[in-house]
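Everything below concerns the one structure shown next.
The values are calculated or read from the model by the stated rules, or taken from the named source; none is laboratory data. Please read all numbers here as calculations on a predicted model, not as lab measurements. Cβ coordinates were reconstructed from backbone atoms using ideal geometry, including for glycine residues, and neighbour counts include every protein chain displayed. What goes into the accessible areas is simple: the full protein's heavy atoms, side chains included, and nothing from ligands, DNA or RNA. Shrake-Rupley method; radii C 1.70, N 1.55, O 1.52, S 1.80 Å.
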Amino acid sequence: MTMSEKILARAAGKAQVVPGEIIQPDPELVIIHDGYVNMAYKQLSDIGYRKITKPEKVMIITDHKSLHLTPEAIMGAKNHRHVAEQWGVKHFFGAGQAGHGHIYPMEAGLVRPGMFLFSYDMHCTNFGAVGAYAQRGGPDIITVLATGSLLMSVPPTVRIELAGQFKPGVHPRDLGFWLCSQLAPDRLGIDFDYRVIEFAGPVIESMPLSSRVALCNTLTEIGVANVMFPPRPGKGAERAVFSDDDAAFEHRIVLDIGKISPQVALPGSPDRGVPVDEVAGVKIDHAFIGACGSGMYDDFELAAKLLKGRHVASHVRLFVVPGTVAIGKQMADDGLSNIFADAGAIQLPAGCGLCAGGLGGPLASGEVSISTAATNGAGRMGAKDAQCYLGSPITVALSAINGCITDPRS
């Protein structure tokens, strides 16, 4: 079996599962974020539920509205605490207590290799970076809260083996955008819809967690079921699983990452990736580094090295948002926060940041932004007629300095 099939089989209490099989897995953790808590509570209360199943497995985490800027947000946060108390939720994290729901659980050891969990939000694919399988529940997460599980189909797996080395200026987010631009229009002849993308090859053995997260996150938006990496040895890896050599992968392909150039996703969706030189020179008003795909310490360290001793263009607003409180503290301890402040950047509290509707720094009508956000549909970070480009932390930092989209190879 593949590593995904092994995790799902164990969670379903089976010796073996095959793609297409319907299972009802038992999760070790169920995560919902602040944007859905009150709605879930109302929906369950309306049909008579006063309790949830196995509240000791449930996590409520505040990341979308880590800034309470409106009366609605203030009351929402108050109600979240009330819901957690009423349900007896074991893991509750309010604003300022943890950070992003797709990063903090790995940092805290709450998500570990070989683990199966349900999550409300689609970007829970991040957890594949440590070899855990998270199934998006979406609105059906209320079924998990009420009954403890949810019916799901075992997805097929596509294995992508990475070879070579990234060239200077190229980041794993660039590989992610390139893959999205090839998979979505079917240029690789691979059906990606509700498939697990499993990365393999010697390159990933030395790939840091931040790079793995970047790849897991970027591919999510095109509709894959999950993105997985074989876990690395270490603490928490006692229950890690790996794909068998004779596992029945639907496809196997090899990619030389040395051939990938820096990419930018055009406004609309992450699958609209193009080489950065096609849009280099486009004037920007706004830039943002953070969110669930690029909110790790390594991402800010890369950006800070470029910004040190330099300044953001006078007409650009640059926002940085650490993925967790601990990452923010490390940025302060190591001097990164001062580098950003000296460069004219604005650091916001840990969480989703501007990716959650532009919270704390929205786009005005007609403005242009480049960011490391998870996606870039119309209105994602403010006005619907604003233009949202996506790039790597390297491309975003250099673009903020130059005031226009910049090829990092320059």
Among T70, T2, T62, which is the only one that is at pLDDT below 95 and polar (S, T, N, Q)? T70
Just to be sure, is S314 of a type in the set (S, T, Y), out of contact with any strand residue (DSSP E or B) (no Cβ under 7 Å at 6 or more places or on another chain) and surrounded by 21 or more Cβ atoms within 10 Å (Cβ to Cβ)? no
With the requirement that a residue be open to solvent by less than 20 Å² (accessible area, probe 1.4 Å), under 17 Å from A73 (Cβ atoms) and of a type in the set (A, V, I, L, M), what does segment 33-45 give you? V37
All positions within segment 46-94 that are open to solvent by 80 Å² or more (accessible area, probe 1.4 Å), aliphatic (A, V, I, L, M), farther than 19 Å from G353 by Cβ and in a loop (DSSP other than H, G, I, E, B): I47
Could you check G114 against (1) in contact with a Lys or Arg (Cβ under 8 Å, 6 or more places away or on another chain); (2) open to solvent by 30 Å² or more (accessible area, probe 1.4 Å) and say which number it fails? (2)
Residue check: is V203 crowded, with 23+ Cβ neighbours inside 10 Å and either among the acidic types (D, E) or in contact (Cβ under 8 Å) with a residue 12 or more places away in the chain (or both)? no
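Would you mind stating whether A303 is at pLDDT 95 or above, assigned to a loop (DSSP other than H, G, I, E, B), open to solvent by less than 20 Å² (accessible area, probe 1.4 Å) and of a type in the set (A, V, I, L, M)?
Here the answer is no, as A303 does not meet what is asked.
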If I filter segment 4-15 for residues that are of a type outside the set (A, V, I, L, M), crowded, with 22+ Cβ neighbours inside 10 Å and farther than 30 Å from G357 by Cα, do I get at least one hit? yes
Which pairs have Cβ atoms under 6 Å, sit 6 or more apart or on different chains, and link a residue in segment 346-361 that is more than 15 Å from G382 (Cβ to Cβ) to one that is among the acidic types (D, E) and part of a loop (DSSP other than H, G, I, E, B)? G351/D63
Given the residues E21, E28, which is the only one that is under 25 Å from the mean Cα position of the chain (by Cα) and of a type in the set (D, E)? E28
How many residues, within segment 208-263, are small (G, A, S), touching a strand residue (DSSP E or B) at 6+ places or on another chain (Cβ under 6 Å) and under 24 Å from F118 (Cβ atoms)? 1
Top-ranked residue in segment 230-245 [being of a type outside the set (G, A, S) and at pLDDT below 95; ranked as farthest from M3 (Cα to Cα)]: K235
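Considering each residue of segment 124-151, count those that are hydrophobic (A, V, I, L, M, F, W, C) and either open to solvent by less than 10 Å² (accessible area, probe 1.4 Å) or within 20 Å of the chain's Cα centre (by Cα) (or both), and give that number. I'd like the intermediate steps shown before the answer.
Going through segment 124-151, the residues hydrophobic (A, V, I, L, M, F, W, C) turn out to be 124, 127, 129-130, 132, 134, 141-142, 144-146, 150-151.
This time we only want the ones that are either open to solvent by less than 10 Å² (accessible area, probe 1.4 Å) or within 20 Å of the chain's Cα centre (by Cα) (or both), so: 124, 127, 129-130, 132, 134, 141, 144-145.
Total satisfying the criteria: 9.
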Any idea which residue in segment 289-300 is farthest from D63 (Cα to Cα), counting only those that are within 15 Å of the chain's Cα centre (by Cα) and open to solvent by less than 10 Å² (accessible area, probe 1.4 Å)? D299
Qualifying positions in segment 1-45 - assigned to a helix (DSSP H, G or I) and under 19 Å from V227 (Cβ atoms): M3, S4, E5, K6, I7, L8, A11
Scan segment 159-177 and tell me whether some residue there is open to solvent by 10 Å² or more (accessible area, probe 1.4 Å), in contact with a Gly (Cβ under 9 Å, 6 or more places away or on another chain), part of a strand (DSSP E or B) and of a type outside the set (S, T, N, Q). yes
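For segment 322-352, which residues satisfy the criterion of being of a type outside the set (A, V, I, L, M) and within 21 Å of M106 (Cβ to Cβ)?
Of everything in segment 322-352, those that are of a type outside the set (A, V, I, L, M) and within 21 Å of M106 (Cβ to Cβ) turn out to be P322, G323, T324, G328, K329, Q330, D333, D334, P349, G351, C352.
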Among (1) open to solvent by 80 Å² or more (accessible area, probe 1.4 Å); (2) under 19 Å from F166 (Cβ atoms); (3) in contact with a Cys (Cβ under 9 Å, 6 or more places away or on another chain); (4) not polar (S, T, N, Q), the one test that A265 misses: (1)
Filter segment 365-382 for residues that are of a type in the set (A, V, I, L, M, F, W, C) and under 22 Å from T406 (Cα atoms); the one that is surrounded by the fewest Cβ atoms within 10 Å (Cβ to Cβ) is V368
Looking only at segment 95-138, which residues are hydroxyl-bearing (S, T, Y), in a strand (DSSP E or B) and either more than 18 Å from D34 (Cα to Cα) or at pLDDT below 95 (or both)? Y133
Restricting segment 232-252 to residues that are loosely packed, with under 13 Cβ neighbours inside 10 Å and of a type outside the set (G, A, S), which is farthest from A15 (Cα to Cα)? K235
